[in-house]
Every structure is written in C-alpha cells, then in structure tokens.
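> Below are the structure tokens for one structure; questions will follow.
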C-alpha cells in the first residue's frame with residue numbers, strides 16, 4: 001500500500017467526517033459519500049431543494065482539508081470565460097494578464113448548474129474531466145485535489161437546461177441530502193442559534209496527505225470474483241428489460257474505484273460485494289435511464305438498480321479476501 005497504510009486512511013477519513021459533522025447534522029451517509037468522492041478524485045451532483053446544507057457541506061470539506069474554495073452561481077447569462085477566466089489588458093504594463101476564474105480552485109461549488117446554457121455547462125465539465133482550463137488557446141492545469149460539487153433544484157424546472165446523459169456521466173456520484181429529522185432540527189437550532197460552527201472549523205487533514213491517500217486507495221485489493229461481479233452488474237443494466245440506457249465503461253470504472261475508497265474508509269485492504277452494493281445506487285442512478293413505459297408504471301431508477309443488484313449472483317466472502325479461496 002506504499003507509504004500510506006489503510007489504518008491511516010480510515011483515521012483521516014474519520015477525522016474529516018467528525019469535523020464536517022460539527023456543522024452538517026444527521027447526514028452521516030452523505031458526508032461519507034463526499035469523502036469517497038474526494039478519495040477517488042471524482043465529482044458530486046446533488047439533486048435537492050435549496051436550504052439543506054449543500055454550500056455548507058462544500059465549505060466544511062474545504063476547511064477540513066485546508067483547501068481553497070470558490071462558489072459559482074450558475075445563471076442563464078453566465079459565460080464560459082466567467083468560469084475559466086479571461087485575459088485582461090493591464091494599462092500599467094501594456095500587456096494582457098490572465099485573470100483566473102472561480103473554477104481554478106480546489107473545491108468548487110457549482111450552484112444550480114442546470115440554470116446555465118449548455119455551452120457554459122460544457123466549460124465546467126471540460127475542467128472536471130480534463131482537470132485543466134483553456135483560455136485564448138493557452139491551457140492551464142487545475143490545482144489538486146480538485147472536487148466539483150454541483151447542485152440542481154429538481155422542483156424549479158422552468159428556465160433550466162437539463163444536463164445531457166454524456167455530461168451527467170462525468171459525475172462520480174449523484175446524491176440527495178434530504179430533510180433532517182425532528183431530532184436533527186432540534187440539534188441544528190441548538191448548535192447554530194448563537195454562532196456558526198463553520199467559522200470555527202480548522203484543517204484536520206492536509207491536501208498533500210489527501211493526494212497520497214488517493215494513490216493508496218487505487219491499490220486496495222479487488223479479487224477476480226469481485227471484478228466479475230462488477231462486470232455482471234454493469235452488463236445487467238444494459239440488458240434489463242426496463243432499462244433504455246445502461247451503464248457505460250466509465251460507470252464501471254467509477255463503481256470499481258468508489259468501492260475501493262469505501263473499503264479503505266472502513267479499514268479494509270480489500271473490496272467486498274457489500275461495498276459494491278452500497279455504492280451501486282449513488283454511482284449508477286444518474287447513468288441509467290428507465291424505458292418510458294416503465295416510468296409510466298411508476299418504476300424509479302432506484303428501484304431498477306435494486307432489482308438489478310438483487311438479480312446478480314454475489315461471490316461468497318471467502319473468494320474476495322486476499323490469500324484465501
């Protein structure tokens with residue numbers, strides 16, 4: 001596992017999770033999935049209504065890692081150069097100087113991404129995929145780690161430009177935060193009524209440590225039987241009677257890497273089928289389209305994924321542990 005041990009990844013993830021949960025109340029699974037995305041160098045799409053803590057989640061992650069943070073409010077008049085940056089003429093030096101856009105940061109919140117035009121969306125998605133921006137023909141690398149946390153409001157669809165499937169596929173995970181419980185609301189009131197705990201957050205893991213942990217996660221063992229299980233799941237999404245569009249090879253790699261990161265967070269040097277089952281919905285939900293007749297019958301993509309997971313043969317535990325079977 002190189003210089004970084006699995007126990008170190010588990011401890012570091014626990015520290016980040018505990019720090020973020022000082023601000024984000026009652027959303028343990030959401031925070032864990034965000035850490036999985038960080039360890040995979042993947043990006044997150046949050047499909048939820050306003051006011052549930054999306055901005056706070058992104059800011060809390062940035063503070064916990066000592067990373068730079070920028071927020072981009074997507075609107076119909078936003079231009080690609082407003083995201084990537086542009087050259088400005090400096091009269092003092094009589095030369096053009098590059099003024100970096102907000103995407104040149106380590107953690108970026110892209111708020112209401114579906115409100116911008118497809119051309120502007122593409123500028124962000126190119127940066128996500130290539131980890132670089134191009135302005136006036138000059139390419140600039142983005143800082144690492146680099147995480148985009150994009151949001152879209154599923155209620156207000158008027159005046160929006162929904163992301164096409166090819167662009168949705170660029171996101172590692174799609175998650176919902178959801179409303180807090182009554183007990184969580186009480187805790188939020190108690191915690192926030194006098195001060196904002198976000199202001200008190202400090203770094204608990206360095207960005208350099210995160211980069212080392214990202215590399216170590218790629219070495220988490222995936223047995224041949226577990227690899228076959230992932231392949232069978234992905235192929236089942238393409239052949240299921242209720243699926244119009246199945247998962248791509250990029251989705252297969254995303255499920256593979258996300259399962260490795262989850263195993264590391266949970267202190268294991270190997271991936272189990274349960275890791276894959278746990279990650280299947282957030283990795284695949286935005287990559288599969290149900291047939292129109294299935295949607296009319298009320299079949300949701302979550303249910304379709306559950307049907308597929310339940311139908312695919314699962315390798316037994318002994319076959320997935322290194323050195324056994």
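> Would you pick out the residues in the stretch 193-212 that are under 20 Å from residue 69 (Cβ atoms) and in a helix (DSSP H, G or I)?
197, 198, 199, 200, 207, 208, 209, 210, 211
> Now, a different point. Do you know which residues across the stretch 270-310 are surrounded by fewer than 17 Cβ atoms within 10 Å (Cβ to Cβ) and either farther than 25 Å from residue 245 by Cβ or in the same structural domain as residue 37 (by TED's automatic domain parsing) (or both)?
274
> State yes or no: is residue 213 surrounded by 21 or more Cβ atoms within 10 Å (Cβ to Cβ) and outside the structural domain of residue 308 (by TED's automatic domain parsing)? It would help to see each step written out before you state the result.
Numbers: surrounded by 21 or more Cβ atoms within 10 Å (Cβ to Cβ): yes; outside the structural domain of residue 308 (by TED's automatic domain parsing): yes.
Judged against the criteria, residue 213 is a match.
> Residues that are in contact (Cβ under 8 Å) with a residue 60 or more places away in the chain and outside the structural domain of residue 263 (by TED's automatic domain parsing), at least 3 per element: which strands (runs of 3 or more DSSP E) completely within the stretch 27-122 meet that?
Details: elements: 44-47, 69-73, 85-90, 95-100, 107-111.
The strands (runs of 3 or more DSSP E) meeting that bar are 44-47.
The values are calculated or read from the model by the stated rules, or taken from the named source; none is laboratory data. Note that the coordinates shown come from a computational prediction; the quantities given were computed from them, not determined experimentally. So basically every Cβ, Gly included, is an ideal-geometry build from the backbone, and we count neighbours across all protein chains shown.
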